[in-house]
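In what follows, a structure is listed as structure tokens, so that the remarks can point back to it.
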Amino acid sequence: MLADSVGPQRAQTVLDALAAPASVSLRLNPDKPFSPLPEGRPVPWSPHGLLLGSRPQFTLDPFLHAGAYYVQDSSAMMPGEVFRRFLPSTDRPPRVLDLCAAPGGKSTDQASSLRQRYGDGFLLVANEVVRSRATVLADNLARWGDPCVVVTSVDPEAFSSLEGFFDVILADVPCSGEGMFRKDSKAVEDWSPQNVALCQARQRRIIADVWPALAPGGVLVYSTCTFNRMENGDNVDWIARTLGADILPLEERDGAVSDGFGLMMLPGLVPGEGQYCAALRKNGGREFSLKSAKTAPSGPYKQLFDRPVDVAKRGETWVAEPSAIRSELQAVRFLRPLRTGVAIGVEKGRDLVPDADLALSLALEPKAFAREEVSRDIALSFLHRDAMVLPDAPAGLVMVCHGGLPLGFVKNLGKRCNNLLPAGRRIRMDI
């Protein structure tokens with residue numbers, strides 16, 4: 001089947017590459033600069049991607065926890081490049097859906113691309129139907145820090161009521177995982193022709209369910225991490241013929257080869273793992289009629305932010321949302337997002353207990369809290385939730401920073417600090 005999908009001459013190249021060690025790469029967050037940068041060479045199709053010579057101990061790097069970069073396979077960065085190529089030109093905030101978003105690599109890539117193009121004027125909905133994976137997605141996007149990202153956990157069919165709402169949908173659909181054989185032994189164990197057929201049917205159901213939510217002339221970026229024709233080119237052809245779309249041409253480049261429908265990233269021809277990506281433009285459909293949002297809430301804590309925000313209470317937590325996308329956020333509220341805007345914190349008596357996400361947000365006013373710059377060792381102690389003393393820091397709430405980037409909050413009591421990092425985000429390995 002591999003020879004049928006990639007060609008007999010390429011098949012041996014792929015097999016030889018799958019027997020070799022996997023490459024290591026990451027993608028920098030352009031809105032959280034730090035130094036020194038890891039040594040590496042650029043990923044040709046990603047403006048912020050780096051291919052590293054070896055795999056460092058990422059877990060013990062405070063910059064990872066600050067959201068300064070995301071560890072992502074270089075091939076998995078290609079959908080982000082295709083996404084950038086088809087960013088819409090609109091007189092309103094563009095609306096984007098990352099349909100199968102966990103653990104968050106492609107969502108963080110899209111968020112950075114949208115911010116560099118539109119500033120605070122965009123909406124990105126990152127969805128993951130499996131709730132446990134959606135929690136991981138929410139944590140990773142909180143570290144990335146973009147306030148214009150909403151995290152949901154619903155079935156793709158739930159978006160059908162938002163007819164014509166999204167300008168771009170990126171669907172990195174669940175697949176048979178042939179492209180991950182080098183990194184994931186379970187993918188090899190689970191593979192079978194029957195599973196390929198099952199995946200193809202599931203992928204078609206997912207795309208058909210979400211198709212009404214794509215605006216007329218909107219772009220679907222379709223991707224998988226597998227090689228076979230059934231889940232890739234055959235599905236792209238099916239979408240075009242059955243749902244009504246034009247397949248958009250993608251040129252071969254830097255080792256990525258075309259199957260006539262999209263681009264194949266094949267180990268041995270590119271440094272990373274297997275990935276497939278195609279783009280289609282929707283024909284027909286109805287445009288979404290966006291209602292103007294109600295009057296903005298007049299909650300407290302707006303002084304904590306360096307841009308216009310609307311503040312409201314969601315349950316026990318105060319949340320700030322960008323004013324620039326007020327109407328767009330109102331339209332997706334029925335999806336019951338797991339995360340929207342920036343969680344500010346909860347009040348206990350007269351005191352605010354700040355949420356960990358607040359420290360990581362790009363929207364936080366840099367001087368909103370006292371900041372304490374710490375060494376790598378102390379940063380790791382904070383991230384491990386060890387007992388800490390910050391003798392030179394002021395009393396009260398202090399934002400712990402490393403390399404100029406916030407990691408989270410402590411409440412400094414003088415002789416000790418109460419560490420406000422959530423237990424679920426602490427480093428569990430021995431530091």
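The values are calculated or read from the model by the stated rules, or taken from the named source; none is laboratory data. Computed from a prediction, not measured in an experiment: that's the story for all the values here. Note: ideal-geometry Cβ built from the backbone for every residue, glycine included; neighbour counts use all protein chains shown. Note: areas computed on protein heavy atoms with side chains; ligands, DNA, RNA excluded. Shrake-Rupley method; radii C 1.70, N 1.55, O 1.52, S 1.80 Å.
Some values worked out for this structure:
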| quantity | calculated |
| --- | --- |
| Which of His48, Gln303, Thr90, positive extreme of dipole for the chain (C-beta unit charges) | Gln303 |
| Solution diffusion estimate, µm²/s, Stokes-Einstein, region 293-419, Kirkwood Rh from C-alpha pairs, 4 °C, viscosity 1.567 mPa s | 82 |
| Rg(Cα)/(2.2 N^0.38 Å) for region 5-71, N = residue count | 1.41 |
| Portion, in percent, of the accessible area of the chain that falls on carbon or sulfur, probe 1.4 Å | 51 |
| Average accessible surface area per residue within the chain, 1.4 Å rolling probe, Å² | 42 |
| Proximal lysines to Lys411, defined as alpha-carbon separation beneath 24 angstrom and excluding residues fewer than eight positions away on the same chain | Lys302, Lys313, Lys348, Lys367 |
| Assigned charges on the beta-carbon of Lys, Arg, Asp, Glu; region 332-431 dipole about Cα centre (debye) | 380 |
| Gyration tensor verdict on region 268-319 (Cα atoms; rounded if a/c is under 1.5, prolate if a/b is larger than b/c, oblate otherwise) | oblate |
| Inter-site label distance for Gln57 and Arg92 at 7 Å from Cα along Cβ, in nm | 5.2 |
| 28 Å tail of the calculated P(r), region 1-147, as % of Cα pairs | 27 |
| Accessible heavy-atom area order of Lys183, Lys282, Lys291, highest first, probe of 1.4 Å | Lys291, Lys183, Lys282 |
| Surface accessible to a 1.4 Å probe, His65 within the full protein complex, Å² | 30 |
| Charge dipole of region 278-431 about the Cα centre (unit charges at C-beta), most positive-ward option of Gly284, Ser375, Val410 | Gly284 |
| More than 34 angstrom apart: percent of Cα pairs within the chain | 33 |
| Cα gyration tensor category, rounded, prolate or oblate, for region 128-216 with a/c compared to 1.5 | oblate |
| Set of lysines with alpha-carbon distance to Lys183 below 30 Å, sequence-local pairs under 8 removed | Lys32, Lys106 |
| Amide H contacts under 5 Å for Ile344, placed H, 5+ residues apart | Trp318, Val319, Ala320 |
| In sequence order, calculated HN-Hα J values of region 250-259 (Karplus, 6.51, -1.76, 1.60; Hz; x Gly/Pro) | 10, 7, 4, 6, 6, x, 6, 10, 8, 9 |
| Largest to smallest accessible area among Ile431, Ile169 [probe 1.4 Å] | Ile431, Ile169 |
| ³J(HN,Hα), Karplus 6.51/-1.76/1.60, whole Hz, each residue of region 282-290, x for Gly, Pro | 6, 9, x, x, 10, 7, 6, 9, 7 |
| Where labels lie 7 Å past Cα in the beta-carbon direction, separation of Lys294 and Arg281 in nm | 4.0 |
| Rounded if a/c under 1.5, otherwise prolate or oblate - region 226-357, Cα gyration tensor axes | prolate |
| Student exercise, the chain dipole from Lys, Arg, Asp, Glu Cβ charges, in Debye to nearest 20 | 1120 |
| Packing-based order for 405-415, 52-62, using average beta carbon neighbours within 10 Å, highest first | 405-415, 52-62 |
| Area accessible to solvent at Cys225, 1.4 Å probe radius, in Å² | 30 |
| Residue-wise HN-Hα coupling along region 358-375, computed from phi with Karplus coefficients 6.51, -1.76, 1.60 (Hz; x: Gly, Pro) | 4, 5, 8, 6, 5, 8, 5, 4, x, 9, 5, 10, 4, 10, 10, 6, 10, 6 |
| Dmax and Rg, reported as Rg then Dmax, of region 76-177 (C-alpha, Å) | 12.8, 40 |
| Exposure ranking of Glu252, Glu178 by accessible area [1.4 Å probe, largest first] | Glu252, Glu178 |
| Among Asp16, Asp146, Asp357, residue whose mean-square fluctuation peaks in a GNM of the chain (springs only between Cα atoms under 10 Å) | Asp16 |
| Accessible area of Asp190 in the full protein assembly, 1.4 Å probe (Å², nearest 10) | 80 |
| Hull-based mean projected area of region 106-148, where the convex hull spans the alpha carbons, in square nanometres | 2.8 |
| Cβ-derived FRET efficiency at R0 35 Å, Glu251 paired with Ser35, nearest 0.05 | 0.50 |
